[in-house]
Amino acid sequence: MFWQEHALPAVALQLGSVTIYWYGVTMVLAIAVGVMVARNLAQRTGLAQPQAVYDLAFVVALSALAGARLYAVLLFWPDYAADPWEIFKVWHGGLAIHGALAAGALALLVYCRRKRYSFWAWADILAVALPAGQAIGRWGNYFNQELFGPPTSLPWGIFIDPTYRPAGFEQAVVFHPVFLYESLLNLALFLMLWRLFRHRRQVGVMVAAYVTGYGIIRLLMEQLRLDPTPELFGIRWPIVVSALLIVGGLVGLAGRQRRPAAGA
């Protein structure tokens, strides 16, 4: 099968000295899909008109991208310190979702306060839109040959170039496509939240549900990933953060469900 014998090129298009990478294309598509979902929900609930959604999405998306990059740089600082110019080469990968969530949430809070918007009403909408975008964005890891698991003989395993194979797996050829597993799970989470959104009785519930759901997804995926990452007491750092997300999400769900139904 083609995907078990070849890796797709990282470059989507070359226009003279301008190089467009598939990683960047998938990020743009991910943001576009997320914005479309947010626009649909905002209009359906009467929260805002499309232009207001675009304005808010621009601020939040830009902040999330910056946060994702900053988090990744701090997490792998020794590597970036050895080659500081690599910090600016975002097309090589290195966008951490946990940093995106933190920076995006902070930007949303500040923006909502300045505009006198309901933070939780908007956060609920973005919580539904996020996994839709993530499901697409994860494919950027495929083109960069990132986010793969142990060797496998399964028919959906993917070829990884020798350059990207981790130590100890140099002779392996086909690996588990962890990016694909997470993409499909993110899609399932989106569909669940989309359905749940229509039946929510309290603002903030969607945020708690997303945080819990994605925390579980990431916790499961970390069991398969081979890429090195900083650890805390021998535990992969993303596992620690994901566990905290799950706990925080469950606490949020319990707290929101105990409150009487209220408007935004």
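At a glance:
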item: Among the residues listed as VAL53, VAL110, VAL59, the single one being exposed (fewer than 15 other Cβ atoms within 10 Å of the Cβ) and of a type in the set (Val, Ile, Thr); result: VAL110
item: Residue pairs meeting the criteria (Cβ under 6 Å; at least 6 apart or on separate chains; first within 15 Å of ALA135 (Cβ to Cβ), in segment 30-46; second surrounded by 14 or more Cβ atoms within 10 Å (Cβ to Cβ) and of a type outside the set (A, V, I, L, M, F, W, C)); result: ALA30/GLY133; ALA30/GLY137; VAL33/GLY133; GLY34/GLY133
item: Residue match in segment 248-263 (condition: more than 27 Å from THR45 (Cα to Cα), of a type outside the set (S, T, N, Q) and either surrounded by 14 or more Cβ atoms within 10 Å (Cβ to Cβ) or out of contact with any Gly (no Cβ under 9 Å at 6 or more places or on another chain) (or both)); result: no
item: Residues satisfying the stated conditions in segment 74-117, i.e. more than 19 Å from LEU147 (Cβ to Cβ), within 18 Å of the chain's Cα centre (by Cα) and either among the polar types (S, T, N, Q) or modelled with pLDDT under 95 (or both); result: LEU74
item: Test result for VAL60, under 13 Å from the mean Cα position of the chain (by Cα), of a type in the set (A, V, I, L, M), modelled with pLDDT of 95 or more and on the phi < 0 side of the Ramachandran plot; result: no
item: Selection from segment 9-47 of residues that are surrounded by 15 or more Cβ atoms within 10 Å (Cβ to Cβ) and in a loop (DSSP other than H, G, I, E, B); result: ALA10, LEU47
item: Close pairs (9 angstrom Cβ cut-off, 6 or more residues apart or separate chains): more than 13 Å from MET27 (Cβ to Cβ) in segment 76-100, in a helix (DSSP H, G or I) and of a type in the set (S, T, N, Q) anywhere; result: HIS98/SER242
item: Tally, over segment 96-125, of residues that are within 24 Å of SER242 (Cβ to Cβ) and either among the basic types (Lys, Arg) or in contact with an Asp or Glu (Cβ under 7 Å, 6 or more places away or on another chain) (or both); result: 0
item: Hits in segment 186-227 - residues which are under 17 Å from GLY157 (Cα atoms) and part of a helix (DSSP H, G or I); result: MET221
item: Extreme residue, nearest to ASP227 (Cα to Cα), among residues of segment 177-197 that are surrounded by fewer than 18 Cβ atoms within 10 Å (Cβ to Cβ) and of a type outside the set (A, V, I, L, M); result: TRP194
item: Condition check for GLY168: out of contact with any strand residue (DSSP E or B) (no Cβ under 8 Å at 6 or more places or on another chain) and surrounded by 20 or more Cβ atoms within 10 Å (Cβ to Cβ); result: no
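Rundown of residues vs (1) over 23 Å from GLY213 (Cβ atoms); (2) charged (D, E, K, R); (3) buried (at least 18 other Cβ atoms within 10 Å of the Cβ), yes/no style:
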{"site": "SER63", "(1), (2), (3)": "no, no, yes"}
{"site": "LEU74", "(1), (2), (3)": "yes, no, no"}
{"site": "ASP83", "(1), (2), (3)": "yes, yes, no"}
{"site": "ALA121", "(1), (2), (3)": "no, no, yes"}
{"site": "GLY133", "(1), (2), (3)": "no, no, yes"}
{"site": "PRO150", "(1), (2), (3)": "yes, no, no"}
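Results for (1) modelled with pLDDT of 95 or more; (2) over 25 Å from LEU74 (Cβ atoms); (3) surrounded by fewer than 20 Cβ atoms within 10 Å (Cβ to Cβ), shown as yes or no for each residue.
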| position | (1), (2), (3) |
| --- | --- |
| GLY204 | no, yes, no |
| ALA209 | yes, yes, no |
| TYR214 | yes, no, no |
| LEU226 | no, no, yes |
| PRO230 | no, no, yes |
| PHE233 | no, no, yes |
| ARG236 | no, no, yes |
| VAL240 | yes, no, yes |
| LEU244 | yes, no, yes |
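The values are calculated or read from the model by the stated rules, or taken from the named source; none is laboratory data. All values derive from a computational prediction rather than experimental measurement. Glycine also receives a Cβ, built like all others from the backbone with ideal geometry; neighbour counts cover every protein chain displayed.
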